[in-house]
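The values are calculated or read from the model by the stated rules, or taken from the named source; none is laboratory data. In this text the structure is predicted, and so the values were computed from the model without any measurement. Neighbour counts run over all protein chains shown; Cβ positions are idealised from the backbone, glycine included. The accessibility values were calculated without ligands, DNA or RNA, using every heavy atom of the protein model including side chains. Shrake-Rupley method; radii C 1.70, N 1.55, O 1.52, S 1.80 Å.
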Amino acid sequence: MIYRLAILCLLAVSSQAQQPNIIYIMSDDHDADAISAYNKKFIITPNIDRIGKEGMRFTNCFVGNSICSPVRATVLTGQHSHLNGIKDNRTSFDGSKITLPKLMKEAGYQTVLIGKWHLHSLPTGFDYWAVLPGQGLYYSTRLINMNKDTVKYNEYATSLITNQTLSWLKEKRDPSKPFFLMMHHKAPHRNWVPELKWLEIFSKKTLPEPPTLYTDTVGKGAAFKHQRMSILKDMTLCTDLKIDPQYIIDIPHLKPDSNEIRSYNAFMNGIPDAQRKRMKEIFAERGKLLQQLKPKDKDLLKLKYQWYMQDYLACVSSVDESVGQILNYLDESGLSENTLVIYTSDQGFYLGENGWFDKRFMYDVSMNTPLLVKWKGKIKPGSVNTSLVQNIDFAPTMLDGAGVKAPDWMQGLSLKQILTGKQSELARKELYYRYYEYPIDHYVIPHMGIREKQYKLIYFYTANEWEFYNLKADPQEQKNLVNIPKYQAEINRMKLKLVEVKNRYKDTEPAGELK
Ligand SMILES: [Ca+2]
């Protein structure tokens, strides 16, 4: 009997020893076009690229509802918004739900969350956590700790989250157990306040303009016309582009309102003195140009786009540096040998396409998200996969990596067979999408749809408008083909498919004419 128990204990220890550590790194609003593994036109991100070079890069990874809190709830539950309960950024997550970290804990893992949480209730299921309150701040960053105290730090948000992660790995980790660590960056979320060292570099750059930057709304649908995420009209000069109000207060068409001046002062005062002086000098160049040119319309958009991209990309460089620090530590400590590392974002982001910033739409720019995974000895270095994958797959994949079968209520598929090269394509042929939040913040009309490899069907149900795109011929989704006769058979097929997929995913909430 004792002998049998000893054998069982040995078996348990050896299966645990094979369980990989898992590090899930998620940034916020990091579009794949701002990662050089995907696109080199804006920025070089050597550290994030390294994950793809040593592992696998997914070119067709999408989210199910392109907005912050819903994505976070999906990653925790493997479920779409209608089942996990988080359809918008304002609902509090039910901490009593069974989630990915709780299942990992049951499987013998130490579970850790550091960084952005943004689900209103406090985290559950983690052995250790430290989270930003709400959206968090770039400077004068605060973290809520496990005692529920909110502590202010002097570090820049991206560095703080990295340093807290490294200190957990070095000082708090129990080496006898595998760990599951979620490091969630705030950056590069709006209002894109960079570190001085990267601002110095990016403020000198001229970034290429997307072909659709100056697109107008002629011939576009209701949702396109109704949105308020235009760089020209909705991006603010003082809060978003950090221009001192003194430069534009006397220019009637550029004049900021009192709220904007208040929020400008609030974030500017949060930047430590040593950096603020030089940063204000750099931002003053923008103010002087506005004072001199008093630009309007296309001329103003041209300038705003450059300043937006300079700040956004500078924030991305800090994230890339953070990833490098984590990968280097894994190498130095020998942990790389048995650690699965994932890099992703909560969704894509408009970098000037259609003249926009923000996300929310089911169009590929915002529905797409980067996904790079490395796992030494398991993934063939430098591999690329084109399967249609979605963020509902993340939880089942991490569980499978840990040797745990995902519960039936999770809606995604494990990517383990894809990662290990045993399978090249998922069986799934289409992805389901549904966006709810309206009107705030950006007046994007609620919509739903399905995306296949070649075609996409979108239904803006409160406006009762359909859009249909041929993604192979029109990857920028500029030509809505819904009324083109030769596509009617395809469109009818996809309308039926949309109803089937809605039912398959147990989305019972009616949407316009769809029940
Ligand atoms: Ca986001």
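A few comments on the model shown:
- Rounded, prolate or oblate (a/c below 1.5 giving rounded, otherwise prolate when a/b exceeds b/c) for region 388-474 by Cα gyration tensor: oblate
- Of LYS116/LYS148; LYS41/LYS302; LYS172/LYS380; LYS220/LYS456, pairs whose Cα-Cα distance is over 20 Å: LYS172/LYS380
- Computed over region 171-302: relative contact order in percent, which uses C-alpha pairs under 8 Å that are six or more apart: 26 percent
- Apportionment of accessible area to carbon and sulfur, region 366-442, percent (1.4 Å): 55 percent
- Summary of the geometry: region 376-440 and region 337-368, compared by the centres of their Cα atoms, lie 16 Å apart.
- For region 157-247, the share of accessible area belonging to carbon and sulfur comes to 51 percent (1.4 Å probe, ligands and nucleic acids excluded).
- Pair-distance distribution P(r) for region 44-157, from all Cα-Cα distances in 5 Å bins starting at 0: 2, 11, 16, 17, 19, 19, 12, 4, 0 percent.
- Here LYS197 is the anchor, and the lysines within straight C-alpha reach of less than 16 Å, apart from those fewer than 8 places off in the same chain, are LYS205, LYS277, LYS280.
- Fraction of antiparallel bridges per DSSP, the chain only, in percent to nearest 5: 55 percent
- Cα gyration tensor, region 377-435 - rounded (a/c under 1.5), prolate or oblate: oblate
- Calculated mean residue ellipticity at 222 nm for the chain: -10500 deg cm²/dmol, from DSSP H runs with n ≥ 4 weighted as -39500 (n - 2.57), summed, divided by the residue count and rounded to 500.
- Positive minus negative residues near ALA463 (Lys, Arg vs Asp, Glu; Cβ under 13 Å): -1
- Over region 423-515, all Cα pairs binned in 5 Å intervals from 0 give whole-percent P(r) values of 3, 13, 23, 24, 19, 13, 5, 1, 0, listed from short to long.
- Net length gained if the chain between SER121 and ARG278 were fully extended (0.36 nm per residue, minus Cα distance): 52.7 nm
- 1.4 Å probe accessible area per residue over region 13-162, in Å²: 32 Å²
- Size of region 97-178: Rg and Dmax of its alpha carbons, in Å, are 13.1, 37.
- For region 65-191, a crude dipole built from +1 on the beta carbon of Lys and Arg and -1 on the beta carbon of Asp and Glu, taken about the Cα centre, is about 160 debye to the nearest 20.
- Whether region 241-290 is rounded, prolate or oblate, judged on the alpha carbon gyration tensor where a/c under 1.5 counts as rounded: oblate
- Of every Cα-Cα pair in the chain, the percent that sits beyond 46 Å: 11 percent
- A cut-off under 13 angstrom between Cβ atoms defines the neighbours of ILE144, and their net charge, with Lys, Arg +1 and Asp, Glu -1, is +3.
- Rounded to the nearest whole Hz, the Karplus-based 3J(HN,Hα) values (6.51 cos²θ - 1.76 cosθ + 1.60, θ = phi - 60°) of region 468-483 follow the sequence 9, 10, 9, 5, 5, 7, 9, x, 7, 6, 9, 10, 6, 9, 4, 9, with x at glycine and proline.
- Couplings 3J(HN,Hα) of region 378-395, computed from phi: 10, 9, 5, x, x, 7, 10, 10, 10, 4, 6, 10, 9, 5, 5, 7, 4, 4 Hz, in residue order, whole Hz [Karplus 6.51 cos²θ - 1.76 cosθ + 1.60, θ = phi - 60°; x for Gly and Pro].
- Loop-located trypsin sites (Lys or Arg not before Pro) in region 15-58 (DSSP state not H, G, I, E or B) with no more than 14 neighbouring Cβ atoms inside 10 Å: LYS40, LYS41.
- With a Förster radius of 60 Å applied to the C-beta separation of LYS515 and ASP250, the computed FRET efficiency comes to 0.60.
- Whole-number percent relative contact order across the chain, with pairs defined as alpha carbons under 8 Å at least 6 apart: 24 percent
- Placing R0 at 41 angstrom, the Cβ-Cβ distance between LYS288 and GLN476 gives a FRET efficiency of 0.70 after rounding to 0.05.
- The length gained by stretching the chain between GLN417 and THR508 to full extension, at 0.36 nm per residue less their Cα-Cα distance, is 29.6 nm.
- Spatial offset of region 288-328 relative to region 456-515 amounts to 35 Å, using the alpha carbon center of each.
- Surrounding net charge for LEU169, when Lys and Arg each add one and Asp and Glu each subtract one, Cβ distance under 14 Å: -1
- In nm, spacing of pseudo-spin labels at GLU200 and GLN325 (7 Å Cα→C-beta vector): 1.8 nm
- Segment LYS172..ASN154, full-extension length gain: 4.3 nm, with 0.36 nm per residue of separation and the alpha-carbon distance subtracted.
- Partner lysines for LYS225 [C-alpha distance under 18 Å; skip if fewer than 8 residues away on the same chain]: LYS233, LYS298, LYS359, LYS479
- Amide H to amide H distances under 5 Å link TYR455 with LEU471, where only residues 5 or more positions off or on other chains count and H is placed in the peptide plane.
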